[in-house]
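Colleague: What follows is a structure written as structure tokens; I'll ask about it next.
The values are calculated or read from the model by the stated rules, or taken from the named source; none is laboratory data. Please read all numbers here as calculations on a predicted model, not as lab measurements. Cβ atoms come from the backbone with ideal geometry, glycine included; neighbour counts cover every protein chain shown.
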Amino acid sequence: MNILLVHAHPEARSLNGTLARFMREHLEAAGHTVQVSDLHAMRWKATLDADDFPARDRATPFRPAGDSQQAYASGQQTRDVAAEQAKLLWADTVILQFPIWWFSMPAILKGWVDRVYAYGFAYGVGEHSERRWGDRYGEGTLAGKRAMLVVTAGGWASHYAPRGINGPIDDLLFPIQHGILYYPGFTVLPPFVVYRSDRMDAARLAQVQAELAARLDTLATVAPVPFRPQNAGDYDIPAMTLREPIAPGRTGFGIHQVEGGA
């Protein structure tokens, strides 16, 4: 299997850095081919701006979506963006690995998404009509590939429980899993979350690595998060709301998963 690991932590000696090295070594030992995008080591440019489109008409206002569409379609993207897109197309499975900072991913990883997910590559794909609203949410350029989050959190597991003060971990990760991953077509695997990441001794690290290894060994077989495909009949198009007979009386992120599905 071809696996892309996108790693976002500024310190190589951190827990995240240790886990990134462990994952690569474990996956390669299992016979997989692994590429790593270590965003800090790469000095990744995180901000999407006009400099990303050197061929654009400088006399006109910068249009993030429009200029992205033109650059992608004409093959005039910057080399760093095109290289990351090629990695995504190459990969069978993508792992995004990062610490949860202020209830989301670090800015450098969000900037990777902002720049690499170009118009025509990750969005703006497919027919938009009264019948379909593009190839997205289960369809799209990255359909058929798997993706998983490996994240660390300083808080306790109970802080992220259904009644925890930080909010349920599935809700916090929903914009990433359902939006950033499922939207362009990935099959999304359940996340691997390490809690109390600042309380890690050698014994606990060994336990975490053993649990992570077990998850990595099931990348191809573990049941995915059962998100509802957009164009399979569950949503009214073009309103893009869940049809009334489905999940009656319920709201919130959970309605976008098939109950008891896999």
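Colleague: Sort out which residues of region 69-88 are buried (at least 17 other Cβ atoms within 10 Å of the Cβ), in contact with a helix residue (DSSP H, G or I) (Cβ under 8 Å, 6 or more places away or on another chain) and either assigned to a loop (DSSP other than H, G, I, E, B) or among the hydroxyl-bearing types (Ser, Thr, Tyr) (or both), and write them in order of number.
Modeller: Listed by number, the list holds a single entry, Gln77.
Colleague: Being at pLDDT 95 or above, under 19 Å from the mean Cα position of the chain (by Cα) and not basic (Lys, Arg) narrows it down to one of Ala41, Ala83, Ala65, so name that one.
Modeller: Values: Ala41 fails: under 19 Å from the mean Cα position of the chain (by Cα); Ala65 fails: under 19 Å from the mean Cα position of the chain (by Cα).
So the residue among Ala41, Ala83, Ala65 that is at pLDDT 95 or above, under 19 Å from the mean Cα position of the chain (by Cα) and not basic (Lys, Arg) is Ala83.
Colleague: What pairs come up if the first residue lies in region 63-83 and is over 23 Å from Arg43 (Cα atoms), the second is assigned to a helix (DSSP H, G or I) and among the acidic types (Asp, Glu), and their beta carbons are under 9 Å apart, counting only those six or more places apart or on different chains?
Modeller: Once the first residue is over 23 Å from Arg43 (Cα atoms) and sits in region 63-83, its partners that are assigned to a helix (DSSP H, G or I) and among the acidic types (Asp, Glu) give Asp67/Asp52.
Colleague: What do you reckon, is Ala59 part of a loop (DSSP other than H, G, I, E, B), among the small types (Gly, Ala, Ser) and more than 28 Å from Ser14 (Cβ to Cβ)?
Modeller: Answer is yes for this residue.
Colleague: Assigned to a strand (DSSP E or B) and under 13 Å from the mean Cα position of the chain (by Cα): which single residue out of Leu142, Leu96 fits that description?
Modeller: Leu96
Colleague: While we're on this one: Test Val193 against the stated conditions and say whether it is under 27 Å from Ala143 (Cβ atoms) and among the β-branched types (Val, Ile, Thr).
Modeller: Against the criterion (under 27 Å from Ala143 (Cβ atoms) and among the β-branched types (Val, Ile, Thr)), Val193 qualifies.
Colleague: Moving on to the next point. Restrict the check to region 89-103 and report whether at least one residue is more than 20 Å from Ala147 (Cα to Cα), surrounded by 14 or more Cβ atoms within 10 Å (Cβ to Cβ) and free of Cβ contacts under 8 Å to residues at least 40 places away in the same chain.
Modeller: Looking through region 89-103, at least one residue is more than 20 Å from Ala147 (Cα to Cα), surrounded by 14 or more Cβ atoms within 10 Å (Cβ to Cβ) and free of Cβ contacts under 8 Å to residues at least 40 places away in the same chain.
Colleague: Something else now. So for region 169-181 (the condition being at pLDDT 95 or above, within 22 Å of Gly233 (Cβ to Cβ) and part of a loop (DSSP other than H, G, I, E, B)), does at least one residue qualify?
Modeller: Taking every residue of region 169-181 in turn, none turns out to be at pLDDT 95 or above, within 22 Å of Gly233 (Cβ to Cβ) and part of a loop (DSSP other than H, G, I, E, B).
Colleague: Give the residues of region 243-262 that are among the hydrophobic types (A, V, I, L, M, F, W, C), surrounded by 11 or more Cβ atoms within 10 Å (Cβ to Cβ) and within 24 Å of Gly144 (Cα to Cα), sorted by residue number.
Modeller: Matches in region 243-262: Phe253, Ile255, Val258.
Colleague: Sticking with this structure for a sec: Please enumerate the residues belonging to region 197-221 that are modelled with pLDDT of 95 or more, surrounded by 14 or more Cβ atoms within 10 Å (Cβ to Cβ) and assigned to a loop (DSSP other than H, G, I, E, B).
Modeller: Within region 197-221, just Leu219 meets the criteria.
Colleague: Kindly indicate whether Gly179 is in contact (Cβ under 8 Å) with a residue 40 or more places away in the chain and not aliphatic (A, V, I, L, M). Please lay out each step first, then the result.
Modeller: Values: in contact (Cβ under 8 Å) with a residue 40 or more places away in the chain: no; not aliphatic (A, V, I, L, M): yes.
No: the conditions fail for Gly179.
Colleague: Taking the conditions exactly as written (over 14 Å from the mean Cα position of the chain (by Cα), over 21 Å from Leu216 (Cβ atoms) and modelled with pLDDT of 95 or more), does Trp90 satisfy them or not?
Modeller: no
Colleague: Residue by residue through region 113-159, note down the ones that are aliphatic (A, V, I, L, M) and surrounded by 17 or more Cβ atoms within 10 Å (Cβ to Cβ).
Modeller: Here is the first cut: in region 113-159, the ones aliphatic (A, V, I, L, M) are 113, 116, 118, 122, 125, 142-143, 147-151, 153, 157.
Scanning region 113-159 gives Val113, Val116, Ala118, Ala122, Val125, Leu142, Ala147, Met148, Leu149, Val150, Val151, Ala153.
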